[in-house]
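The values are calculated or read from the model by the stated rules, or taken from the named source; none is laboratory data. All of these numbers come straight from a predicted model, not from anything done at the bench. Cβ: placed from backbone, ideal geometry, glycine included. Neighbour counts: every protein chain shown.
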Amino acid sequence: FSPASDGDGRKSRRRVLMFPLPFQGHITPMLQLADVLRSHGEFDVTIFQAAVNEPDRARHPAAAAGYRFVTVGAGVAAALAETFPNRGANSDFAGMILRMNELLRAPFEDILREVLAEDAAGDDAPAAACLVVDSNLRWMQEVAERLGVPTLSLRTGGAACLVAYMTIPELCDKGVLPLQSRDPLQLDMPLTELPPLRLRDVLFSATTTHDTMATCLERIIESSRRSSGVIVNTFDDLENSDLQKIANGLGVPAYAVGPLHKISAGMESSSLLAQDRSCLEWLDKQETESVLYVSFGSLASMDPEELLETAWGLANSKTPFLWVIRPNLVHGSLQQVSCLLPDGFEEATRGRGTVISWAPQQDVLRHRAVGGFWTHSGWNSTLESICDGVPMICRPQFADQMINARYVQEVWEVGFELEGKLERGMIERAVTKLLREEEGREMRQKAKDLKNKAAVCIEEGGSTRNTINMLVNLIMSF
Ligand code: UDP
């Protein structure tokens, strides 16, 4: 890395302000980016944390010098729960994000004024250079703009997803959106503007109205366009052409700084749930590339019938599996995992399957025993799987997950989508295809090729390292 310097050639410490969207898949990459900037040596970091879904700070190395956490918006969690009692795929996620913006705006303005006043008073802390804000928090960015703080917009999804969102207004102008009917023929219509996506892939969620979705996406685009640069957790060799479309289409630089999890400290510290690390010992006893890892991230959910089909599909596949059933995976259920599984499942899978409530996912995917990942296709999971050469079965539910799954299947060819009503026979066939058939082997080989490319881009002189140097120099120039 080449440290930037001030006018006299001396290194000058700066402080970066960061504001993640308070969900697991957004907190983690923001904290990873914080680690990357911190390890560069010139930056202190202040993280604004909405008072909802707060990670356990005691576990974060932030306790170490240079990090400061500031909680914003006491009472936000209760206010959100009132309007959005459900989380997950069947909740109005876009509506929740807009509401969160409303609730956080005023408290953030007060706190940001205080932080800037401390700087002006010549406090010991280095002065704030800029705010790195999650692109879903456009209203926080507006506050920063008003107070004269430069901003960078962090996209925690892939570049392809942002390009799709940039194209939504065009689809509205052409009358493709709003959706006229949920007729499968219409849903499967290929989007000539966004190959290989279909109309169904850009629909965000069945529980979000078109207007709410359009407003939410408009604000994401505005956040990117109004920033001094969009930071994307991806790498050049994976999404080069979409990164160029972002830079050209929005007129701001796009910084591909990923895969962040491969260049930052471990993620145990930012995990909202405690990770069950005992599964790694179980993996140690399994044969190489024999295990299917099954996890649907922090928000996706299923109904009891789908859980049942999944259980019997896994049991019947005769394949070793590690399955994450997190506390609220099944709609409306906070029951213990053991109460949710069907009678006879344990006997049928004894010695071959392990069920836990939250995994150290990055360590699991890195483990030699894991041969496939059945995922909900969240961007972090997708990127983590690709960077460890693990092919995927994709079962997307909402937001960008359908776009990611489509790219996995059609562009990178490192997995395939499981479509239609979830049923045990289809699961059994999919698992067999991924882990034991030629097609699965080819997907694994392509995933390993991408893994190697990711490894090269994070080496000294690689595209990600160069981009981070440019980003650091930009921040130092503010
Ligand atoms: N994750 C984990 N343990 C699990 C499941 C997920 O640590 O059992 C992590 C995973 O490594 C990823 C994040 O949670 O970094 C999920 O992010 P993603 O974007 O895949 O999905 P989301 O939860 O936002 O839907």
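Would you check if Asn53 is in a loop (DSSP other than H, G, I, E, B) and either among the acidic types (Asp, Glu) or at pLDDT 70 or above (or both)? When the stated conditions are applied, Asn53 passes them. Selection of region 375-413 for residues being within 16 Å of the chain's Cα centre (by Cα) and among the aromatic types (Phe, Trp, Tyr) yields Trp379, Phe398, Tyr407. Output yes when any residue across region 387-409 is β-branched (Val, Ile, Thr) and out of contact with any Ser or Thr (no Cβ under 8 Å at 6 or more places or on another chain), and no when none is. Taking every residue of region 387-409 in turn, at least one turns out to be β-branched (Val, Ile, Thr) and out of contact with any Ser or Thr (no Cβ under 8 Å at 6 or more places or on another chain).
Remark: pairs (first residue in region 349-362, of a type in the set (Ser, Thr, Tyr); second residue more than 15 Å from the ligand (Cβ to nearest atom); Cβ separation under 6 Å; 6+ apart in sequence or on different chains) = Thr349/Ala315.
Consider region 245-279 and keep the residues that are in contact with a helix residue (DSSP H, G or I) (Cβ under 9 Å, 6 or more places away or on another chain) and of a type in the set (S, T, N, Q). The one that is nearest to Leu152 (Cα to Cα) is Ser264.
State yes or no: is Lys421 within 30 Å of Ile168 (Cβ to Cβ) and more than 16 Å from the ligand (Cβ to nearest atom)? It is true that Lys421 is within 30 Å of Ile168 (Cβ to Cβ) and more than 16 Å from the ligand (Cβ to nearest atom). Considering Ala125, Ala120, the condition of being over 30 Å from Pro396 (Cα atoms) and in contact (Cβ under 8 Å) with a residue 40 or more places away in the chain is satisfied by Ala125 alone. Based on what the data block shows, is Ala206 assigned to a helix (DSSP H, G or I), away from the ligand (no atom under 16 Å from the Cβ) and on the phi < 0 side of the Ramachandran plot? Answer is no for this residue.
Table: residues versus (1) hydroxyl-bearing (Ser, Thr, Tyr); (2) in contact with a helix residue (DSSP H, G or I) (Cβ under 8 Å, 6 or more places away or on another chain); (3) under 14 Å from Thr167 (Cα atoms).
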residue	(1), (2), (3)
Phe204	no, yes, yes
Thr215	yes, yes, yes
Ile220	no, yes, yes
Ser223	yes, yes, no
Ser227	yes, yes, no
Asp242	no, yes, yes
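Taking strands (runs of 3 or more DSSP E) as the structural unit, those lying wholly within region 240-332 and holding at least 2 residues that are within 16 Å of the ligand (Cβ to nearest atom) correspond to 291-295, 321-324. Checking Ala160 against (1) touching a strand residue (DSSP E or B) at 6+ places or on another chain (Cβ under 8 Å); (2) surrounded by 23 or more Cβ atoms within 10 Å (Cβ to Cβ), which test does it fail? Of (1) touching a strand residue (DSSP E or B) at 6+ places or on another chain (Cβ under 8 Å); (2) surrounded by 23 or more Cβ atoms within 10 Å (Cβ to Cβ), only one is false for Ala160: (1). Total residues in region 210-239 satisfying the condition of being away from the ligand (no atom under 16 Å from the Cβ), closer than 30 Å to Lys448 by Cα and in a helix (DSSP H, G or I): the figure is 2. For region 364-404, a residue qualifies if it is closer than 17 Å to Ser301 by Cβ, outside any loop (DSSP other than H, G, I, E, B) and of a type in the set (Gly, Ala, Ser), and exactly one does: Ser381. Would you call Thr464 buried (at least 16 other Cβ atoms within 10 Å of the Cβ) and within 16 Å of the ligand (Cβ to nearest atom)? Considered against the rule, which asks whether it is buried (at least 16 other Cβ atoms within 10 Å of the Cβ) and within 16 Å of the ligand (Cβ to nearest atom), Thr464 comes out as no.
For region 333-354, filtered to residues that are modelled with pLDDT of 90 or more and part of a helix (DSSP H, G or I), the residue that is farthest from the ligand (Cβ to nearest atom) is Glu347. Among what's in region 136-152 and is part of a helix (DSSP H, G or I) and not β-branched (Val, Ile, Thr), pick the residue that is surrounded by the fewest Cβ atoms within 10 Å (Cβ to Cβ). So the residue we want is Arg146.
Assess whether Pro195 counts as being within 22 Å of Glu410 (Cα to Cα), more than 16 Å from the ligand (Cβ to nearest atom) and modelled with pLDDT under 95. Answer is no for this residue. Selection of region 355-410 for residues being among the small types (Gly, Ala, Ser), within 11 Å of the ligand (Cβ to nearest atom) and either surrounded by fewer than 23 Cβ atoms within 10 Å (Cβ to Cβ) or modelled with pLDDT of 95 or more (or both) yields Ser357, Ala359, Ser377, Gly378, Ser381, Ser385. Within region 263-278, residues that are more than 16 Å from Leu37 (Cα to Cα) and among the basic types (Lys, Arg) sit with their Cβ atoms under 8 Å from residues that are within 11 Å of the ligand (Cβ to nearest atom) and at pLDDT 75 or above, at 6+ positions apart or across chains, in these pairs: Arg277/Pro360; Arg277/Asp363.
Here is a yes/no grid of residues against (1) in contact with a Phe, Trp or Tyr (Cβ under 8 Å, 6 or more places away or on another chain); (2) modelled with pLDDT under 95; (3) closer than 26 Å to Pro253 by Cα:
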position: His60; (1), (2), (3): yes, yes, no
position: Ala89; (1), (2), (3): yes, yes, no
position: Phe108; (1), (2), (3): yes, no, no
position: Val115; (1), (2), (3): no, yes, no
position: Ala160; (1), (2), (3): yes, no, yes
